[in-house]
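Chemist: Please see the structure below; I have some questions.
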Amino acid sequence: MNSDVDVLENPVAQSLLGHHAHLARRLGQAVTYLPDVATFCAVPAEPDAVDWSELARLLGPGGFADMFSSPALPPPDWEPVFELEGRLMLWPGKDRLGEPLPGADVSIVELGPNNVPEMLDLVTRAEPGPFWPRTCELGTYLGIRARGRLVAMAGERLRPPGWTEISAVCTAPEARGQGHAGRLVRALVERILSRGEQPFLYVAEANSGAIALYERLGFESRKPVTFRGFRTPG
Ligand SMILES: CC(C)(COP(=O)(O)OP(=O)(O)OC[C@H]1O[C@@H](n2cnc3c(N)ncnc32)[C@H](O)[C@@H]1OP(=O)(O)O)[C@@H](O)C(=O)NCCC(=O)NCCS
(Lines give C-alpha, C1' and ligand atoms only; values in the text may rest on other atoms or scores of the structure.)
Protein backbone atom coordinates (compact mmCIF):
# COMPACT_ATOMS: atom_id res chain seq x y z
CA MET A 1 0.00 0.00 0.00
CA ASN A 2 1.41 3.40 -0.97
CA SER A 3 -0.76 6.14 0.40
CA ASP A 4 0.20 9.58 -0.87
CA VAL A 5 1.46 11.60 2.13
CA ASP A 6 0.95 14.86 0.19
CA VAL A 7 -2.84 14.64 0.67
CA LEU A 8 -2.19 15.14 4.39
CA GLU A 9 -1.01 18.70 3.64
CA ASN A 10 -4.68 19.72 3.36
CA PRO A 11 -6.55 16.84 5.02
CA VAL A 12 -9.78 18.76 5.64
CA ALA A 13 -10.20 19.77 1.98
CA GLN A 14 -9.17 16.29 0.83
CA SER A 15 -11.87 14.77 3.04
CA LEU A 16 -14.61 17.29 2.24
CA LEU A 17 -14.08 17.10 -1.51
CA GLY A 18 -14.05 13.30 -1.45
CA HIS A 19 -15.25 10.82 1.15
CA HIS A 20 -17.14 13.44 3.20
CA ALA A 21 -18.67 15.38 0.28
CA HIS A 22 -22.16 14.52 1.59
CA LEU A 23 -21.30 16.36 4.84
CA ALA A 24 -19.84 19.47 3.16
CA ARG A 25 -20.92 23.06 2.68
CA ARG A 26 -19.08 24.76 -0.14
CA LEU A 27 -18.73 28.17 -1.75
CA GLY A 28 -16.22 28.46 -4.58
CA GLN A 29 -13.09 26.79 -3.26
CA ALA A 30 -13.96 27.37 0.40
CA VAL A 31 -15.38 24.35 2.16
CA THR A 32 -16.53 23.38 5.65
CA TYR A 33 -18.51 20.67 7.42
CA LEU A 34 -22.22 20.81 8.16
CA PRO A 35 -23.05 22.31 11.57
CA ASP A 36 -22.77 19.80 14.43
CA VAL A 37 -20.52 17.49 12.35
CA ALA A 38 -17.30 19.52 12.64
CA THR A 39 -16.14 23.14 12.55
CA PHE A 40 -13.13 22.41 10.32
CA CYS A 41 -12.75 24.61 7.22
CA ALA A 42 -10.45 24.55 4.23
CA VAL A 43 -9.28 26.84 1.47
CA PRO A 44 -6.77 26.03 -1.30
CA ALA A 45 -3.15 25.58 -0.20
CA GLU A 46 -2.23 29.07 -1.40
CA PRO A 47 -5.48 30.97 -0.90
CA ASP A 48 -6.12 34.37 -2.49
CA ALA A 49 -8.46 37.14 -1.31
CA VAL A 50 -11.41 35.58 -3.15
CA ASP A 51 -10.95 32.27 -1.32
CA TRP A 52 -10.94 34.00 2.07
CA SER A 53 -13.97 36.14 1.23
CA GLU A 54 -15.84 33.03 0.08
CA LEU A 55 -15.03 31.30 3.35
CA ALA A 56 -16.19 34.41 5.24
CA ARG A 57 -19.50 34.35 3.32
CA LEU A 58 -19.88 30.62 3.95
CA LEU A 59 -19.42 31.07 7.71
CA GLY A 60 -21.23 34.39 8.07
CA PRO A 61 -20.10 37.50 9.99
CA GLY A 62 -18.28 36.63 13.22
CA GLY A 63 -18.25 32.95 12.21
CA PHE A 64 -15.72 30.51 13.63
CA ALA A 65 -13.13 29.47 11.05
CA ASP A 66 -11.38 26.41 12.46
CA MET A 67 -8.53 26.11 9.94
CA PHE A 68 -7.28 22.83 11.47
CA SER A 69 -3.58 22.30 10.56
CA SER A 70 -3.50 24.69 7.58
CA PRO A 71 -0.48 27.04 7.65
CA ALA A 72 -2.37 29.60 5.49
CA LEU A 73 -3.11 32.80 7.40
CA PRO A 74 -6.33 34.76 6.73
CA PRO A 75 -6.46 38.53 6.16
CA PRO A 76 -5.50 40.70 9.16
CA ASP A 77 -9.11 41.62 10.01
CA TRP A 78 -9.84 37.98 10.94
CA GLU A 79 -9.54 37.69 14.74
CA PRO A 80 -7.29 34.88 16.03
CA VAL A 81 -9.26 32.60 18.39
CA PHE A 82 -6.79 29.84 19.24
CA GLU A 83 -3.41 28.41 18.32
CA LEU A 84 -2.29 24.96 19.44
CA GLU A 85 0.98 23.16 18.76
CA GLY A 86 0.60 19.51 17.84
CA ARG A 87 2.12 16.72 15.82
CA LEU A 88 1.04 14.48 12.99
CA MET A 89 1.66 10.78 13.64
CA LEU A 90 1.48 8.05 10.99
CA TRP A 91 1.10 4.32 11.10
CA PRO A 92 4.25 2.99 9.43
CA GLY A 93 3.27 -0.54 8.50
CA LYS A 94 1.06 -3.49 9.30
CA ASP A 95 3.80 -5.55 10.89
CA ARG A 96 3.97 -3.15 13.85
CA LEU A 97 0.61 -4.31 15.24
CA GLY A 98 1.89 -6.51 18.08
CA GLU A 99 0.13 -8.91 20.40
CA PRO A 100 -3.11 -7.59 21.91
CA LEU A 101 -3.18 -6.71 25.60
CA PRO A 102 -4.79 -9.30 27.90
CA GLY A 103 -8.37 -8.53 28.88
CA ALA A 104 -10.66 -11.10 27.34
CA ASP A 105 -13.62 -9.82 29.34
CA VAL A 106 -13.42 -6.41 27.69
CA SER A 107 -15.76 -6.15 24.72
CA ILE A 108 -15.66 -3.41 22.13
CA VAL A 109 -18.98 -2.09 20.83
CA GLU A 110 -19.78 -0.01 17.78
CA LEU A 111 -21.32 3.37 18.58
CA GLY A 112 -23.71 5.31 16.36
CA PRO A 113 -26.18 8.19 16.36
CA ASN A 114 -28.28 6.49 19.09
CA ASN A 115 -25.27 6.64 21.42
CA VAL A 116 -24.58 10.36 21.00
CA PRO A 117 -25.78 11.37 24.51
CA GLU A 118 -23.39 8.93 26.22
CA MET A 119 -20.57 9.86 23.82
CA LEU A 120 -21.06 13.55 24.64
CA ASP A 121 -21.15 12.68 28.34
CA LEU A 122 -17.81 10.84 28.03
CA VAL A 123 -16.32 13.74 26.05
CA THR A 124 -17.28 16.11 28.87
CA ARG A 125 -15.52 13.88 31.40
CA ALA A 126 -12.44 12.91 29.35
CA GLU A 127 -11.89 15.95 27.07
CA PRO A 128 -10.34 14.35 23.96
CA GLY A 129 -10.72 17.50 21.84
CA PRO A 130 -13.41 18.67 19.44
CA PHE A 131 -16.47 16.42 19.26
CA TRP A 132 -19.98 17.50 18.25
CA PRO A 133 -23.40 15.79 18.15
CA ARG A 134 -22.97 14.58 14.54
CA THR A 135 -19.21 13.90 14.57
CA CYS A 136 -19.87 10.15 14.72
CA GLU A 137 -21.26 10.34 11.16
CA LEU A 138 -17.69 10.87 9.91
CA GLY A 139 -16.75 7.22 10.39
CA THR A 140 -16.81 4.24 12.72
CA TYR A 141 -16.77 4.97 16.45
CA LEU A 142 -15.96 2.23 18.93
CA GLY A 143 -16.47 2.13 22.67
CA ILE A 144 -15.96 0.12 25.86
CA ARG A 145 -18.52 0.02 28.66
CA ALA A 146 -17.99 -0.77 32.33
CA ARG A 147 -21.10 -1.70 34.35
CA GLY A 148 -23.21 -0.35 31.51
CA ARG A 149 -21.56 3.08 31.34
CA LEU A 150 -19.44 4.17 28.38
CA VAL A 151 -15.90 4.63 29.74
CA ALA A 152 -13.75 4.74 26.59
CA MET A 153 -14.12 5.51 22.91
CA ALA A 154 -12.19 6.24 19.74
CA GLY A 155 -13.27 6.81 16.18
CA GLU A 156 -12.55 7.71 12.60
CA ARG A 157 -12.59 11.37 11.54
CA LEU A 158 -10.88 12.85 8.46
CA ARG A 159 -10.75 10.62 5.38
CA PRO A 160 -8.34 12.00 2.76
CA PRO A 161 -7.83 9.51 -0.10
CA GLY A 162 -5.92 6.45 1.13
CA TRP A 163 -5.97 7.55 4.79
CA THR A 164 -8.21 7.57 7.86
CA GLU A 165 -7.62 9.75 10.90
CA ILE A 166 -8.11 8.18 14.34
CA SER A 167 -9.67 10.71 16.70
CA ALA A 168 -11.73 11.24 19.87
CA VAL A 169 -9.50 8.76 21.72
CA CYS A 170 -10.50 9.05 25.36
CA THR A 171 -11.01 7.11 28.56
CA ALA A 172 -12.98 8.31 31.58
CA PRO A 173 -10.61 9.27 34.42
CA GLU A 174 -11.74 6.36 36.62
CA ALA A 175 -11.08 3.78 33.87
CA ARG A 176 -7.58 4.86 32.72
CA GLY A 177 -4.51 2.63 32.79
CA GLN A 178 -6.44 -0.55 31.94
CA GLY A 179 -5.51 -0.63 28.27
CA HIS A 180 -8.88 0.62 26.97
CA ALA A 181 -7.51 3.35 24.70
CA GLY A 182 -4.87 0.95 23.38
CA ARG A 183 -7.51 -1.68 22.59
CA LEU A 184 -9.74 0.78 20.76
CA VAL A 185 -6.94 2.34 18.72
CA ARG A 186 -5.69 -1.14 17.74
CA ALA A 187 -9.20 -2.14 16.66
CA LEU A 188 -9.45 0.97 14.49
CA VAL A 189 -5.97 0.44 13.01
CA GLU A 190 -7.00 -3.09 12.02
CA ARG A 191 -10.22 -1.84 10.40
CA ILE A 192 -8.45 0.89 8.48
CA LEU A 193 -5.67 -1.40 7.25
CA SER A 194 -8.19 -4.05 6.25
CA ARG A 195 -9.79 -1.68 3.76
CA GLY A 196 -6.38 -0.81 2.30
CA GLU A 197 -5.97 2.59 3.97
CA GLN A 198 -3.32 3.99 6.31
CA PRO A 199 -4.12 5.30 9.81
CA PHE A 200 -2.92 8.72 10.96
CA LEU A 201 -3.69 10.96 13.91
CA TYR A 202 -2.92 14.29 15.50
CA VAL A 203 -2.01 14.89 19.10
CA ALA A 204 -1.32 18.06 21.07
CA GLU A 205 2.38 18.50 21.75
CA ALA A 206 1.67 18.96 25.47
CA ASN A 207 -0.17 15.61 25.67
CA SER A 208 2.87 13.48 26.49
CA GLY A 209 0.75 10.62 27.86
CA ALA A 210 -1.17 10.23 24.62
CA ILE A 211 2.02 10.56 22.53
CA ALA A 212 3.62 7.76 24.59
CA LEU A 213 0.53 5.59 24.10
CA TYR A 214 0.53 6.09 20.32
CA GLU A 215 4.28 5.40 20.12
CA ARG A 216 3.86 2.19 22.11
CA LEU A 217 1.17 1.12 19.67
CA GLY A 218 3.54 1.73 16.75
CA PHE A 219 2.71 5.22 15.44
CA GLU A 220 5.62 7.39 14.36
CA SER A 221 5.85 11.17 14.52
CA ARG A 222 5.82 12.71 11.06
CA LYS A 223 5.96 16.48 11.58
CA PRO A 224 4.91 19.30 13.89
CA VAL A 225 1.67 21.09 13.03
CA THR A 226 -0.04 24.21 14.36
CA PHE A 227 -3.82 24.21 14.73
CA ARG A 228 -5.40 27.64 14.33
CA GLY A 229 -8.86 29.09 14.56
CA PHE A 230 -10.12 32.57 13.63
CA ARG A 231 -13.30 34.59 13.69
CA THR A 232 -14.47 36.09 10.41
CA PRO A 233 -14.86 39.90 10.33
CA GLY A 234 -18.14 41.52 11.31
C1 LIG B 1 -4.68 9.30 26.75
C2 LIG B 1 -5.81 8.39 27.22
C3 LIG B 1 -6.80 8.23 26.08
C4 LIG B 1 -5.23 7.03 27.59
O5 LIG B 1 -6.33 6.19 27.93
P6 LIG B 1 -6.10 4.80 28.72
O7 LIG B 1 -7.31 3.98 28.48
O8 LIG B 1 -5.70 5.09 30.10
O9 LIG B 1 -4.86 4.23 27.91
P10 LIG B 1 -4.22 2.77 28.09
O11 LIG B 1 -4.69 2.18 29.38
O12 LIG B 1 -4.45 2.02 26.83
O13 LIG B 1 -2.71 3.10 28.20
C14 LIG B 1 -2.32 4.00 29.22
C15 LIG B 1 -1.38 3.32 30.24
O16 LIG B 1 -1.97 2.21 30.88
C17 LIG B 1 -1.08 1.07 30.76
N18 LIG B 1 -1.88 -0.15 30.70
C19 LIG B 1 -2.36 -0.70 29.59
N20 LIG B 1 -3.01 -1.84 29.89
C21 LIG B 1 -2.96 -1.99 31.21
C22 LIG B 1 -3.47 -2.96 32.11
N23 LIG B 1 -4.16 -4.05 31.70
N24 LIG B 1 -3.27 -2.76 33.43
C25 LIG B 1 -2.58 -1.70 33.88
N26 LIG B 1 -2.07 -0.76 33.04
C27 LIG B 1 -2.25 -0.91 31.74
C28 LIG B 1 -0.40 1.33 29.50
O29 LIG B 1 0.84 0.62 29.44
C30 LIG B 1 -0.16 2.77 29.61
O31 LIG B 1 0.93 2.95 30.48
P32 LIG B 1 1.52 4.34 30.94
O33 LIG B 1 0.96 4.55 32.30
O34 LIG B 1 2.98 4.15 30.94
O35 LIG B 1 1.03 5.38 29.96
C36 LIG B 1 -6.54 8.96 28.48
O37 LIG B 1 -5.57 9.34 29.43
C38 LIG B 1 -7.43 10.15 28.19
O39 LIG B 1 -8.63 9.99 27.92
N40 LIG B 1 -6.88 11.37 28.23
C41 LIG B 1 -7.68 12.59 27.99
C42 LIG B 1 -8.12 12.68 26.54
C43 LIG B 1 -6.94 12.67 25.59
O44 LIG B 1 -5.95 13.35 25.83
N45 LIG B 1 -7.06 11.91 24.50
C46 LIG B 1 -6.04 11.84 23.47
C47 LIG B 1 -6.32 12.86 22.42
S48 LIG B 1 -5.10 12.77 21.12
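The values are calculated or read from the model by the stated rules, or taken from the named source; none is laboratory data. What you see is a predicted model; the values in this text were computed from it and never measured. Note that we place each Cβ from the backbone using ideal geometry, even for glycine, and neighbour counts take in every protein chain shown. Side chains included, ligands, DNA and RNA excluded: accessible areas come from the protein's heavy atoms. Shrake-Rupley method; radii C 1.70, N 1.55, O 1.52, S 1.80 Å.
Chemist: Run through the range 150-234 and list the GluC sites (Glu not before Pro) located in a DSSP loop whose Cβ has at most 15 other Cβ atoms within 10 Å.
Modeler: Counting only loop positions with at most 15 other Cβ atoms within 10 Å, the GluC sites (Glu not before Pro) in the range 150-234 are E205.
Chemist: Helix 208-217 versus the longest principal axis of the chain: what angle, 0 to 90°, nearest 10, using Cα atoms?
Modeler: 60
Chemist: Which one, R145, R186, R87, has the greatest fluctuation when you compute a Gaussian network model over the chain with C-alpha springs under 10 angstrom?
Modeler: Highest fluctuation among the options: R145.
Chemist: Rank these residues by their accessible area, most exposed first, probe 1.4 Å: T124, T171.
Modeler: Of T124, T171, the descending order of accessible area is T124, T171.
Chemist: By how many nm would the segment from V7 to D105 lengthen if fully extended, with 0.36 nm per residue of separation less the alpha-carbon distance?
Modeler: 31.4 nm
Chemist: If you line up the long axis of helix 116-126 against the longest principal axis of the chain, both from Cα atoms, how many degrees apart are they, to the nearest 10?
Modeler: It is inclined by approximately 90 degrees.
Chemist: Quick check: pseudo-label points 7 Å beyond the Cα along Cα→Cβ at L97 and E190, how many nm apart are they?
Modeler: Between L97 and E190, the label points sit 0.7 nm apart.
Chemist: Follow-up. If the chain between D121 and L34 were fully stretched, how many nm would it gain, using 0.36 nm times the residue separation less the Cα-Cα distance?
Modeler: Once the chain is fully extended between D121 and L34, it gains 29.1 nm.
Chemist: I've got another one for you. Go ahead and estimate [θ] at 222 nm for the chain from helices alone: -39,500 (n - 2.57) per DSSP H run with n ≥ 4, summed, over the residue count, rounded to 500.
Modeler: Calculated mean residue ellipticity at 222 nm is -7000 deg cm²/dmol.
Chemist: Sticking with this structure for a sec: Using only Cα positions of the chain, each an equal point scatterer, no hydration layer, compute I(q)/I(0) via Debye at q = 0.08, 0.16, 0.17 Å⁻¹ and quote the log10 values to two decimals.
Modeler: Log10 I(q)/I(0), no solvent term: -0.30, -1.16, -1.29.
Chemist: What does a probe at R57 reach in the range 9-28, counting residues whose amide N is under 17 Å from the point 7 Å along Cα→Cβ?
Modeler: Correct set: 25-28.
Chemist: Using the Kirkwood radius over C-alpha pairs as Rh, can you work out the diffusion coefficient of the range 92-218 via Stokes-Einstein at 10 °C, viscosity 1.306 mPa s, in µm² per second?
Modeler: 108
Chemist: Run the accessible area of the chain with a 1.4 Å probe and give the carbon-and-sulfur part as a rounded percent.
Modeler: That share works out to 51 percent.
Chemist: Relative contact order of the chain: what whole-number percent is it, with Cα pairs under 8 angstrom and at least 6 residues apart?
Modeler: In percent, rounded to a whole number, it is 30.
Chemist: Given the Cα-Cα distance of E46 and E79 and 0.36 nm per residue of separation, how much length would full extension add, in nm?
Modeler: 9.9 nm
Chemist: Here's a follow-up. Accessible area per residue, 1.4 Å probe, Å², for the chain: what's the number?
Modeler: Heavy-atom accessible area per residue stands at 47 Å².
Chemist: Using the Karplus equation 6.51 cos²θ - 1.76 cosθ + 1.60 (θ = phi - 60°), what ³J(HN,Hα) coupling, rounded to whole Hz, does each residue of the range 142-153 give in order, writing x for Gly and Pro?
Modeler: Once θ is set to phi - 60°, the couplings for the range 142-153 become 10, x, 10, 10, 10, 6, x, 9, 5, 10, 7, 7 Hz.
Chemist: How large is ³J(HN,Hα) for each residue in the range 59-66, as worked out from phi by the Karplus curve 6.51 cos²θ - 1.76 cosθ + 1.60 (θ = phi - 60°), to whole Hz, x for Gly and Pro?
Modeler: Taking θ as phi minus 60°, the curve returns 8, x, x, x, x, 8, 9, 7 Hz for the range 59-66.
Chemist: Which order do V109, V81 take by accessible area at a 1.4 Å probe, largest first?
Modeler: Per-residue accessible area, sorted high to low, gives V81, V109.
Chemist: Still on this structure, please answer the following. In the full protein assembly as shown, how much of R176 is accessible to a 1.4 Å probe, in Å² to the nearest 10?
Modeler: 130
Chemist: Can you give me the distance in nm between label points at R149 and H22, each placed 7 Å from the Cα along the Cα-to-Cβ direction?
Modeler: 3.5
Chemist: Just add up the charged neighbours of V116: K/R +1, D/E -1, any other residue whose Cβ is under 13 Å from the Cβ of V116.
Modeler: The answer is -3.
Chemist: Per Stokes-Einstein, at 20 °C and 1.002 mPa s, what whole-number D in µm² s⁻¹ belongs to the range 1-97, with the Kirkwood radius over Cα pairs as the hydrodynamic radius?
Modeler: Estimated via Stokes-Einstein, D reaches 146 µm²/s.
Chemist: To continue, here is another question. Evaluate the charge dipole of the range 88-225 about its Cα centre and quote only its size in Debye, nearest 20, assuming +1 on the Cβ of each Lys and Arg and -1 on the Cβ of each Asp and Glu.
Modeler: 40
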